[in-house]
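Contents: one structure, followed by commentary.
Values in this text are rule-based calculations from the coordinates and carry no lab data. From a predicted model like this one, the values you see are computed outputs, not experimental measurements. Glycine also receives a Cβ, built like all others from the backbone with ideal geometry; neighbour counts cover every protein chain displayed.
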Amino acid sequence: MANIHRIRILDVPLDAVDLSSALEYVEECIRNEQKRKYILAVNAEKIMTLRREPELKKLFEKAALLLPDGIGALIAAKWILGLNLARVTGIGLMGGVCDRASKKGYKIFIYGGKEGINRDAVSQIERRYPGIRITGRSHGYVGENQMDSLVKKINESQADILFIALGSPKQEFWIQKYSPHLNVKVYQGIGGSLDVLSGQSKGAPSLIQKMGLEWLYRLIKEPKRIRRQIVYPRFLFEVMKEKFMKKRGIS
Ligand code: UDP
């Protein structure tokens, strides 16, 4: 059994897991013919959103695996719980899954992003992981009236894994609504990862990622993100408050 331990940060669930355990878990789901197991990524921004949105939080509670994706979540785990978590990004796990899939023949469907982004991301993945079986793909702007045919297309692809890139919370609500009609074994919500994989939007260089400054890099590239990143100081404040209360035995 994969080594996964669920913890809570500011009462939001998150899994203490490393990349190899996460990959082991995905393979277990495929081997055991699981259904409707979904994997989501958690970062500081998501933690703050889930505190405000109980319906979305419920979907996260039910996730099979919640990746410690952001540096803020790691800092909070260290400060509040004294835990040194490994960082497992959504795009990192996706790469690992594609690598295993190319070696073991798992079938993949990729849903989300603009048509050109989706197409280019699929070509890049096929180039990077020779032999991978991407048995279907679709852009992420399918209307509600076309959903039946998308569901049919996904089932006909016999995909074991569905990568879904609609951004959050759209992808989580889509999984909740449509997974009962699908035969997919594992879903992974990958947000904007196809934009990076297609080459359209550059991921932060690895040195910047290691320094924990990815948020700053993204902010400089996309100043509009300030509206989303404004939650970080508030998050740090809440984490410090929680640490203080814990120290005093208040919580
Ligand atoms: N997207 C989509 N369909 C929609 C809305 C969004 O496919 O109806 C895609 C969009 O093209 C982009 C991704 O979802 O590729 C959202 O990226 P973002 O970085 O906002 O997601 P996050 O990782 O922050 O959840």
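Take the residues in the range 155-174 that are in contact with a Gly (Cβ under 7 Å, 6 or more places away or on another chain) and within 16 Å of the ligand (Cβ to nearest atom); name whichever of them is nearest to Lys46 (Cα to Cα).
Among those residues, the one meeting the criterion is Ser168.
Under 8 Å by Cβ, and 6 or more places apart or on different chains, what pairs join a residue from the range 234-251 that is farther than 21 Å from Asn43 by Cα with one that is surrounded by 15 or more Cβ atoms within 10 Å (Cβ to Cβ)?
If the second residue must be surrounded by 15 or more Cβ atoms within 10 Å (Cβ to Cβ), the pairs left are Lys246/Ile80; Ser251/Glu242.
Among the numbered conditions (1) in contact with a helix residue (DSSP H, G or I) (Cβ under 8 Å, 6 or more places away or on another chain); (2) away from the ligand (no atom under 16 Å from the Cβ), tell me where Ala73 comes up short.
Tallying (1) in contact with a helix residue (DSSP H, G or I) (Cβ under 8 Å, 6 or more places away or on another chain); (2) away from the ligand (no atom under 16 Å from the Cβ), Ala73 fails exactly one: (2).
Quick check: is even one residue across the range 176-185 over 30 Å from Arg31 (Cβ atoms), more than 13 Å from the ligand (Cβ to nearest atom) and either of a type in the set (Gly, Ala, Ser) or out of contact with any strand residue (DSSP E or B) (no Cβ under 9 Å at 6 or more places or on another chain) (or both)?
Looking for residues that are over 30 Å from Arg31 (Cβ atoms), more than 13 Å from the ligand (Cβ to nearest atom) and either of a type in the set (Gly, Ala, Ser) or out of contact with any strand residue (DSSP E or B) (no Cβ under 9 Å at 6 or more places or on another chain) (or both), one finds none in the range 176-185, hence no.
Here is a check on your reading of the model: is Arg127 among the charged types (D, E, K, R), more than 21 Å from Glu27 (Cβ to Cβ) and touching a helix residue (DSSP H, G or I) at 6+ places or on another chain (Cβ under 6 Å)?
When the stated conditions are applied, Arg127 does not pass them.
Which residue is nearest to Tyr106 (Cα to Cα), if the candidates are limited to the range 10-27 and must be among the acidic types (Asp, Glu) and surrounded by 16 or more Cβ atoms within 10 Å (Cβ to Cβ)?
Top of the filtered list is Glu27.
Would you check if Arg137 is of a type in the set (D, E, K, R), farther than 19 Å from Glu172 by Cβ and surrounded by 19 or more Cβ atoms within 10 Å (Cβ to Cβ)?
Taking the combined requirement at face value, the residue satisfies it.
Has the range 44-52 got at least one residue that is surrounded by 23 or more Cβ atoms within 10 Å (Cβ to Cβ) and hydroxyl-bearing (Ser, Thr, Tyr)?
Scanning the range 44-52 turns up no residue that is surrounded by 23 or more Cβ atoms within 10 Å (Cβ to Cβ) and hydroxyl-bearing (Ser, Thr, Tyr).
Can you find even one residue in the range 45-60 that is outside any helix (DSSP H, G or I) and polar (S, T, N, Q)?
For the range 45-60, residues outside any helix (DSSP H, G or I) and polar (S, T, N, Q): absent.
Kindly establish whether Val196 is in contact (Cβ under 8 Å) with a residue 60 or more places away in the chain, farther than 24 Å from Lys78 by Cβ, within 15 Å of the ligand (Cβ to nearest atom) and of a type in the set (Val, Ile, Thr).
yes
List the number of the failed condition for Lys202; all other conditions in (1) within 16 Å of the ligand (Cβ to nearest atom); (2) more than 17 Å from Ala41 (Cα to Cα); (3) surrounded by 12 or more Cβ atoms within 10 Å (Cβ to Cβ) hold.
Evaluating Lys202 over (1) within 16 Å of the ligand (Cβ to nearest atom); (2) more than 17 Å from Ala41 (Cα to Cα); (3) surrounded by 12 or more Cβ atoms within 10 Å (Cβ to Cβ) leaves (3) as the failure.
Give the residues of the range 86-128 that are in a helix (DSSP H, G or I), away from the ligand (no atom under 16 Å from the Cβ) and surrounded by 23 or more Cβ atoms within 10 Å (Cβ to Cβ), sorted by residue number.
Hits for the range 86-128 are Val97, Ala101.
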